[in-house]
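Remarks on the structure that follows.
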Amino acid sequence: MTVSPVCKSFLATLTLPLLLSPAQCPAALVNLALSGTPNASSADFGSAAADGNDGNRDSGFNNGSVWHSSDPGAGNGTPVFYEITLPGPRVLDHLRIFNRMDVIQGSITNFQITAWNGAAQVYTGNYLPAASTHGTGAGVNASVAWGTDDLRGVTATRVRIERLNTAAPNFMTFAEFELWGSNTGSVMAPYIAPVLTTGSAAGFGTLVANAADGNIDGNYTAPGNPIYHSLNQGAGQFWEMDLGGNYAISELLVFNRTDSPTTNNVRISLLDSSNLETWSMIQNLTRGGGLAYNYGFDLPVGAVGQRVRIETIGNDFLALGEVQAFGNLVPEPSVALLGFLTVAGAALRRRR
């Protein structure tokens, strides 16, 4: 498999093969839908099925990159569907749907996601029976995007989203259908379930634990308010998860709030069991505007740590949809080696 540059660099720092081999270094996630063939029950109003996987998240229908079914479904009263057939078996990680935003219609509601590997059905799940991917917000407070990682680790050749009824609205429309995963037969190092989450006081009906509950939906107005939102605003609002031990962290997925541009620049850092910062970066978590519509950040790490911390830099609330870490547990001798290398590297940088 292809080894990421960050992972190669990480391996190059080791004097003993105590941590990772190249086979354990995951390839970067890619949007598999871009290489797939789209198919839909129908396409209308000048749209085409290919508008739903063209790599363009532009949510304005008149800009020519939004798919819209006939009304209703295929024109014969059957529920509408949209699907992507991949070039071959691919390992999936998560699915994202970017809503049409020039009109808030709530058309992606009461739907089923199904995946097949050849003729075999390998996944099925029903979603939002009494809600929609737009949430309850309207206009600028509607959600730009919706997502699920329920397909993580599933190998599939075809993935379909299908309405379960023809109730109003009896059509479906969206800007982009994305299937994130790997072309190389492996997606990521194992997901690391945190043993503890802490943070600044949560507010607005949210919980600190919501940012690590397995739900990547960043829509505050979705059922259950599935995000973490700090009660207070200002620099130093923080959220942190403890992984229970030192891990060689290959990747972090950070999913932001998607129904309001709440949080701007944050510092994301990794600390080891000795409370030593081993990696950090500044990331803007706003959902974006115009054509950006940022939703989820795949951050290559390549460092050893136990705690992931996210902290506001400016006068912002901190809002997070989900934070997920991936990596392999590090044996204690390797931790000692990595600590030595980190300190030695810091000393060398100071001499320069």
Inset, instruction - Could you grab the pairs with beta carbons closer than 6 Å, sequence gap of 6+ or different chains, first residue in region 14-41 and farther than 25 Å from residue 149 by Cβ and surrounded by fewer than 19 Cβ atoms within 10 Å (Cβ to Cβ), second one at pLDDT below 60 and of a type in the set (Val, Ile, Thr)? - result: 22/3
Inset, instruction - Taking only region 136-177 into account, find how many residues are among the β-branched types (Val, Ile, Thr) and within 16 Å of residue 68 (Cα to Cα). - result: 3
Legend entry - Residues of region 178-202 classified as closer than 30 Å to residue 65 by Cα and part of a loop (DSSP other than H, G, I, E, B), total: 3
Legend entry - region 90-123: number of residues that are closer than 16 Å to residue 180 by Cα, touching a Phe, Trp or Tyr at 6+ places or on another chain (Cβ under 6 Å) and charged (D, E, K, R): 1
Legend entry - Number of the condition not met by residue 151 [criteria: (1) in a loop (DSSP other than H, G, I, E, B); (2) modelled with pLDDT of 90 or more; (3) at positive phi; (4) not polar (S, T, N, Q)]: (3)
Inset, instruction - Inspect region 191-207 for any residue being touching a strand residue (DSSP E or B) at 6+ places or on another chain (Cβ under 8 Å), under 18 Å from residue 95 (Cα atoms) and either among the aromatic types (Phe, Trp, Tyr) or buried (at least 21 other Cβ atoms within 10 Å of the Cβ) (or both) and give the result as yes or no. - result: yes
Legend entry - Residues that are assigned to a strand (DSSP E or B) and open to solvent by 40 Å² or more (accessible area, probe 1.4 Å), drawn from region 92-115: 112
Inset, instruction - Go through (1) surrounded by fewer than 22 Cβ atoms within 10 Å (Cβ to Cβ); (2) under 24 Å from residue 132 (Cα atoms); (3) in contact with an Asp or Glu (Cβ under 9 Å, 6 or more places away or on another chain) and name the single condition residue 258 misses. - result: (1)
Legend entry - Conditions (1) in contact with an Asp or Glu (Cβ under 8 Å, 6 or more places away or on another chain); (2) open to solvent by 10 Å² or more (accessible area, probe 1.4 Å); (3) within 28 Å of residue 97 (Cβ to Cβ); number of the one not met by residue 283: (1)
Inset, instruction - Restrict the check to region 78-87 and report whether at least one residue is touching a Leu at 6+ places or on another chain (Cβ under 7 Å), at pLDDT 95 or above and either of a type in the set (A, V, I, L, M) or surrounded by 18 or more Cβ atoms within 10 Å (Cβ to Cβ) (or both). - result: yes
Inset, instruction - Go through region 162-172 and give me each residue that's buried (at least 24 other Cβ atoms within 10 Å of the Cβ) and assigned to a strand (DSSP E or B). - result: 163
Legend entry - So residue 205, is it outside any strand (DSSP E or B), at pLDDT 95 or above and under 24 Å from residue 313 (Cβ atoms): no
Legend entry - Residues of region 128-143 classified as open to solvent by less than 50 Å² (accessible area, probe 1.4 Å) and touching an Asp or Glu at 6+ places or on another chain (Cβ under 9 Å), total: 6
Legend entry - Tally of residues being modelled with pLDDT of 95 or more and of a type in the set (Asp, Glu) across region 32-77: 2
Inset, instruction - State whether one or more residues within region 227-241 are at pLDDT below 95, on the phi < 0 side of the Ramachandran plot and of a type outside the set (Val, Ile, Thr). - result: no
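The values are calculated or read from the model by the stated rules, or taken from the named source; none is laboratory data. Keep in mind that this is a model prediction, so the values were computed, not measured. As a convention, Cβ positions derive from the backbone with ideal geometry for all residues, glycine included, and neighbour counts pool all protein chains shown. Ligands, DNA and RNA are excluded from the accessible area calculation, which covers all protein heavy atoms including side chains. Shrake-Rupley method; radii C 1.70, N 1.55, O 1.52, S 1.80 Å.
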